[in-house]
Amino acid sequence: MNKAAQAYLSTQVHTTSKGELLLMLYDAAIKFMKQAKIKIDEKDYAAKGILISKAIEVISELTSSLNKEKGGSLAENLSQLYIYCNTRLLQANLKMDNEKIDEVIKIIDGIASAYREIIPKMEAQDAPLQTQASASSGSTNINASFANGPGYGLPTVSGNMPSPNSIRLKKAANAYGSAR
């Protein structure tokens, strides 16, 4: 990759929220898998192997970024699903099987679609916390994400009970916390 493209990518990664980065990873995995299917059809097996390996690396990164302490059973279930996806991709790589790749694309796309709905809501709930923090500190944190603020934008122990939908959003956000 040339220096300008690397600089652009680095800037994009450093100025993007955790939620947006998560979606970028899902999109990259899907892109690599779709490209691998094309390479299987073209009988370009070396390129197919490289692309499937890239998809596996992205899914492995998704697995390693899960916060199993905060995410509980959701994080554990996602971890198992990612392991299953990587197993299917390894099988697809060995057997030149586009159907197995389609299966993984469907799984990853389904998870990505769910997060596409959740992340804007979590970031919107977190926005008042970011505004308060910015007002008190006099600066804006462009790296603030849906999972950074205390309570994840939900009411604290002030007696206000979060709605059931807010509880589901918090659980989903907790699956990807700062585990490292």
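Among the numbered conditions (1) within 25 Å of Y176 (Cβ to Cβ); (2) open to solvent by 70 Å² or more (accessible area, probe 1.4 Å); (3) not in a helix (DSSP H, G or I), the only one that K43 does not meet is (1).
Among residues belonging to the stretch 88-118 that are free of Cβ contacts under 8 Å to residues at least 24 places away in the same chain and not charged (D, E, K, R), point out the one that is surrounded by the most Cβ atoms within 10 Å (Cβ to Cβ). The qualifying residue surrounded by the most Cβ atoms within 10 Å (Cβ to Cβ) is Q91. Selection within the stretch 1-12: residues that are open to solvent by 60 Å² or more (accessible area, probe 1.4 Å), of a type in the set (A, V, I, L, M, F, W, C) and part of a helix (DSSP H, G or I). The member of this set that is modelled with the lowest pLDDT is L9. For the condition more than 15 Å from the chain's Cα centre (by Cα), at pLDDT 95 or above and on the phi > 0 side of the Ramachandran plot, K43 qualifies.
The values are calculated or read from the model by the stated rules, or taken from the named source; none is laboratory data. What you see is a predicted model, and the numbers here were worked out from it, not measured in a lab. Using ideal geometry, Cβ is built from the backbone for each residue, glycine included, and neighbour counts are taken over all protein chains shown. Please note that ligands, DNA and RNA were not included when accessible areas were found on the heavy atoms of the full protein model with its side chains. Shrake-Rupley method; radii C 1.70, N 1.55, O 1.52, S 1.80 Å.
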